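Have a look at the structure below before the remarks.
The values are calculated or read from the model by the stated rules, or taken from the named source; none is laboratory data. Everything quoted here is computed from the prediction, not taken from an experiment. All Cβ positions, even for glycine, are placed from backbone atoms using ideal geometry, and neighbour counts span all protein chains on display. We work out accessible area using only protein heavy atoms, side chains counted, and drop any ligands, DNA or RNA first. Shrake-Rupley method; radii C 1.70, N 1.55, O 1.52, S 1.80 Å.
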Amino acid sequence: MVTLRLGPEDVANLRFAISPLMELHNSVRALEHPEAKALHLPWVAASRERVRDLDMPLLQALHPRKAYTPDFVDPPPSSPLGELEDELEQMLATPPERVRFELRRAYEGRGLPAVLEPLERDPARELPALADLFRAYWERALAPVWPRIRALLEGDVLYRARQLADGGATRLFADIHPEVSFAEDTLRIDMPYDVTADLGGRGLLFVPSAFTWPRPAASVEPPWQPFLVYPARGVGGLWEPDRSAAPEALAALLGPRRASVLAALGAPRSTTELARALELSPGSVSQHLSVLRDAGLVHGHRVGRSVLYVRSEKGEALVS
């Protein structure tokens, strides 16, 4: 059990962020152990050949199973909508002594794997090559599907922000994950090791993830920002075919295309995501959303550079 004590300042500093680099490393685990990540088998099947000639043993060695994972390879994002290159710059700025400390801690009592020895000996020389490896893996394995993953993560952030606004930290923690509980000033996370820590005003960063499924992960290791990575809401449908027919009665009432747009908004989606899913032009989707919004059936919320649309209570009732 990981037990974290939150003071008033910590609760006031709860925030959310999307991290491409964290998602990259979580996806490596899914490739290495698909039996534990069966949800992602369609992606695994499509990605394995694309990354076969990369140095996968090095990537995998950075993530020992059931042990501390070095934080310098995917530092907590400093902005709500992280960009891969910004996060790589943060990794490259890690002091060499910190790199060595985290590598040794990850393999304490077992001995460092040979593939990690060059990085431990000379971090300043090896980190740029490691960043290049991350870029190559990203382009082959994640860039083709990142718009779909990012839409899922942005939708989750929007949903959690509403929970926090409506019911505070208690409501937020109650729905994050079955293995996460919050009572009085204490957050408990069911994990395979014991840590007790007082956040001491540092706050807590929530990072939704597609590839962390099915269990959450957390770190409170200084000097990094304490963070909790949790499975994003709706991840079960991430790889399902996009196109779906609207219910006949709803289509008869609204017209088939407008009904399809409303039916597809069970989770927050952007105009671009809807157009791709429904095989419609962005202009057509925008027109339908405008009509639905004017009728009070959908709401639009800006998240970073995108506007995400979701059904209102009226829209939910109508679809039901």
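Think of the stretch 110-205 as a dipole: +1 on every Lys or Arg Cβ, -1 on every Asp or Glu Cβ, centred on the Cα centre; then among Gln163, Met191, Gly203, Gln163 lies furthest on the positive end. Based on protein heavy atoms only, the chain ends up with 46 Å² per residue of surface accessible to a 1.4 Å probe. Here, the stretch 113-177 is characterised by an Rg to Rh ratio of 1.26, where Rg is the alpha-carbon radius of gyration and Rh the Kirkwood radius. If you add up the charges near Gly203, with Lys and Arg at +1 and Asp and Glu at -1, over every other residue whose beta carbon is less than 10 angstrom from its beta carbon, what do you get? In short, 0. The base-10 log of I(q)/I(0) for the stretch 145-267, evaluated at q = 0.13, 0.18 Å⁻¹, reads -0.65, -1.02 [Debye formula, identical scatterers on Cα atoms, solvent excluded]. Dividing the convex hull volume of the alpha-carbon atoms in the stretch 26-89 by its residue count gives 125 Å³ per residue.
A helix-only calculation puts the chain at -13500 deg cm²/dmol for mean residue ellipticity at 222 nm, using -39500 (n - 2.57) for each DSSP H run of at least four residues, averaged over all residues.
Quick check: net charge around Phe16, other residues with Cβ under 11 Å of its Cβ, Lys/Arg +1 and Asp/Glu -1? Kindly include the intermediate steps, with their values, before the conclusion.
Numbers: positive: Arg15, Arg160; negative: Glu154, Asp156.
So the surrounding residues net to 0.
Among the GluC sites (Glu not before Pro) within the stretch 199-280, those in coil by DSSP and having at most 15 neighbouring Cβ atoms inside 10 Å are Glu279.
Applying the criteria of a DSSP loop state and at most 10 other Cβ atoms within 10 Å to the chymotrypsin sites (Phe, Trp or Tyr not before Pro) of the stretch 186-265 yields Tyr193.
Cα extents for the stretch 253-320 along the principal axes, largest to smallest and rounded to whole angstrom: 30, 22, 19.
Suppose every K and R has +1 on its Cβ and every D and E has -1 on its Cβ; what is the size of the dipole of the stretch 62-174 about the Cα centre, in Debye to the nearest 20? Intermediate results must be reported in sequence, preceding the final value.
Numbers: 16 positive and 19 negative charges, 110 e Å.
Roughly 520 debye, rounded to the nearest 20.
Overall, the accessible surface of the chain at a probe of 1.4 angstrom is composed of carbon and sulfur to the extent of 52 percent.
Restricting the trypsin sites (Lys or Arg not before Pro) of the stretch 130-185 to loop positions (DSSP other than H, G, I, E, B) with no more than 10 neighbouring Cβ atoms within 10 Å leaves nothing. Residue-wise HN-Hα couplings along the stretch 248-255, as the Karplus relation 6.51 cos²θ - 1.76 cosθ + 1.60 with θ = phi - 60° gives them from phi, are 4, 5, 5, 5, 5, 6, 9, x Hz; Gly and Pro carry x.
Which value, in debye to the nearest 20, describes the size of the charge dipole of the chain about its Cα centre when Lys and Arg Cβ atoms bear +1, Asp and Glu Cβ atoms bear -1, and nothing else is charged? Write out the running numbers ahead of the final one.
Details: 37 positive and 43 negative charges, 162 e Å.
Approximately 780 debye in magnitude.
Of the listed residues Ser260, Ser79, Ser19, the order by accessible area with a 1.4 Å probe, largest first, is Ser79, Ser260, Ser19. Ellipsoid semi-axes for the chain, based on the Cα gyration tensor and the rule √(5λ), read 37, 24, 16 Å when sorted largest first. Selection among Trp43, Ile149, Ala93 by position relative to the dipole of the stretch 28-169 gives Trp43 as farthest towards the positive end (Cβ unit charges, Cα centre).
Tally Lys and Arg at +1 and Asp and Glu at -1 over the other residues with C-beta under 15 Å from the C-beta of Glu221: what net charge comes out?
Details: positive: Arg98, Arg100, Arg104, Arg105, Arg202; negative: Asp71, Asp74, Glu97, Glu102, Glu108, Asp194, Asp198.
Computed value for this residue: -2.
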